[in-house]
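Chemist: Take this structure, written in structure tokens, and hold onto it; I'll ask about it next.
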Amino acid sequence: PTKIMRKALIAIVSIALILSNAAAFAPGKLFSLGAHNSSNITPTAPGKKQGASYIAENRPTGIKNQRKSIASVQRTMGPQALVYGTAVATTFGMQTVGFIAAYLLKTEKFYDIIGGLNYLVLALLSAILGATGDGALSWIDDPRKILTTVLFGISRGWLLLFLAWRAHERKGDSRFDEVLGKNGGTPQPLNFFVFWMVQAFWVMLVSMPMLFVNSSSVKMPEFSGYDIATAILFGSGVLIEIVADIQKALWVKRGRLGTFCKAGVWKFSRT
């Protein structure tokens, strides 16, 4: 019961942090999925250059055509539905393919690697498929979307590198020995598949704030106080993540002195 309560508490805190992050980056008003009202468009004076619209008009034809095709899908599904739907399909597709390959090869060495790559793929897809209609800025012209995606990419990119290094150092992951039948037991493909599906849900949960921002169609070219505060917290969290991983890796190298790691920032979580 204690372990269950602890896991439930961790899940609640994680969801609260993710929702607060999404709220901080959230636009001032929600995007309406209704038809676009052309009467709300302010005419542009002839010969006058107007920032993002001028840049968009002068982009190469290939980029314009790509944006038009994406926009046509957005008009049918809505930008957020398109981004979320693509993210879900991509995530569960990647994890399913990973499971099949890993089970056939009887290895778990790229379990964490596929998880890390999954995050980066979602960041790329959401940047490409993000809202562009109804006057919204495209990803490349929206500093809020760029900042969110870059911080997310740094965090998940570091995770990918660290987990790949750890898998190489440990020569495997003992968590999967039983389900893969490595100790002479019977392989458990269904239980192994559950591991991959749990990772899929976790990838989607962690990626939600970034997907929310990149799928937003609200035009806010300047940072708000919430944006700045959240960026500072997000950046600080990424820095602490990197420092903590390095400190614990060095602690393991020294022979795991003590019951728990209390080196560096870890002492604040172990007291």
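The values are calculated or read from the model by the stated rules, or taken from the named source; none is laboratory data. Here the structure is a predicted model, which means the values were calculated and not measured. Every residue, glycine as well, gets a Cβ built from its backbone with ideal geometry; the counts of neighbours run over all protein chains shown. Protein only, heavy atoms only, side chains kept; ligands, DNA and RNA dropped before computing areas. Shrake-Rupley method; radii C 1.70, N 1.55, O 1.52, S 1.80 Å.
Chemist: So which residues in segment 211-231 are closer than 15 Å to Pro143 by Cβ, hydrophobic (A, V, I, L, M, F, W, C) and in a helix (DSSP H, G or I), if there are any at all?
Modeler: Matches in segment 211-231: Val213, Ile228, Ala231.
Chemist: Another question, if that's okay. Looking at segment 171-190, is at least one residue part of a helix (DSSP H, G or I), farther than 25 Å from Ile228 by Cβ, touching a helix residue (DSSP H, G or I) at 6+ places or on another chain (Cβ under 7 Å) and open to solvent by 40 Å² or more (accessible area, probe 1.4 Å)?
Modeler: yes
Chemist: Return the pairs, sorted by first residue and then second, in which the second residue is open to solvent by 40 Å² or more (accessible area, probe 1.4 Å) and outside any helix (DSSP H, G or I), the first residue lies in segment 85-111 and is basic (Lys, Arg), the beta carbons are less than 8 Å apart, and the residues are 6+ apart or on different chains.
Modeler: From residues that are basic (Lys, Arg), the pairs are Lys106/Lys182; Lys106/Pro187.
Chemist: Test of understanding: among Thr96, Thr91, Thr107, which residue is of a type in the set (Val, Ile, Thr) and over 12 Å from Trp196 (Cα atoms)?
Modeler: On the way: Thr96 fails: over 12 Å from Trp196 (Cα atoms); Thr91 fails: over 12 Å from Trp196 (Cα atoms).
Criteria check complete, one pass: Thr107.
Chemist: Can you find, within segment 206-226, the residue that is nearest to Gly116 (Cα to Cα) among those that are in contact with a helix residue (DSSP H, G or I) (Cβ under 6 Å, 6 or more places away or on another chain) and open to solvent by less than 40 Å² (accessible area, probe 1.4 Å)?
Modeler: It comes out as Ser207.
Chemist: Of all residues in segment 83-109, how many are within 16 Å of Met208 (Cβ to Cβ) and either among the acidic types (Asp, Glu) or loosely packed, with under 13 Cβ neighbours inside 10 Å (or both)?
Modeler: Filtering segment 83-109 for residues within 16 Å of Met208 (Cβ to Cβ) gives 83-92.
Next, from what is left, pick out any that are either among the acidic types (Asp, Glu) or loosely packed, with under 13 Cβ neighbours inside 10 Å (or both): 89.
The number of residues fulfilling the criteria is 1.
Chemist: Anything in segment 228-271 that is free of Cβ contacts under 8 Å to residues at least 24 places away in the same chain, surrounded by 16 or more Cβ atoms within 10 Å (Cβ to Cβ) and within 28 Å of Val213 (Cα to Cα)? List them, or say none.
Modeler: Ala244
Chemist: Suppose we filter Phe201, Phe212 for residues that are more than 20 Å from Leu105 (Cα to Cα) and free of Cβ contacts under 8 Å to residues at least 60 places away in the same chain; which single one remains? Spell out how you get there, then give the answer.
Modeler: On the way: Phe212 fails: free of Cβ contacts under 8 Å to residues at least 60 places away in the same chain.
The conditions single out Phe201.
Chemist: Quickly run through segment 178-230 and pick out the residues that are more than 30 Å from Ile146 (Cβ to Cβ) and of a type in the set (Lys, Arg). Give the steps one after another, and end with the answer.
Modeler: The initial filter retains those residues of segment 178-230 that are more than 30 Å from Ile146 (Cβ to Cβ), namely 178-198.
Scanning segment 178-230 gives a single hit, Lys182.
Chemist: Identify the residue in segment 194-205 that is open to solvent by 60 Å² or more (accessible area, probe 1.4 Å) and not aliphatic (A, V, I, L, M) and, among all such residues, is farthest from Pro79 (Cα to Cα).
Modeler: Let us first name the residues in segment 194-205 that are open to solvent by 60 Å² or more (accessible area, probe 1.4 Å), namely 194-195, 198, 201-202.
Of the ones still in play, those that are also not aliphatic (A, V, I, L, M) are 195, 201-202.
On the way: Phe195: 31, Phe201: 21, Trp202: 23 Å.
That would be Phe195.
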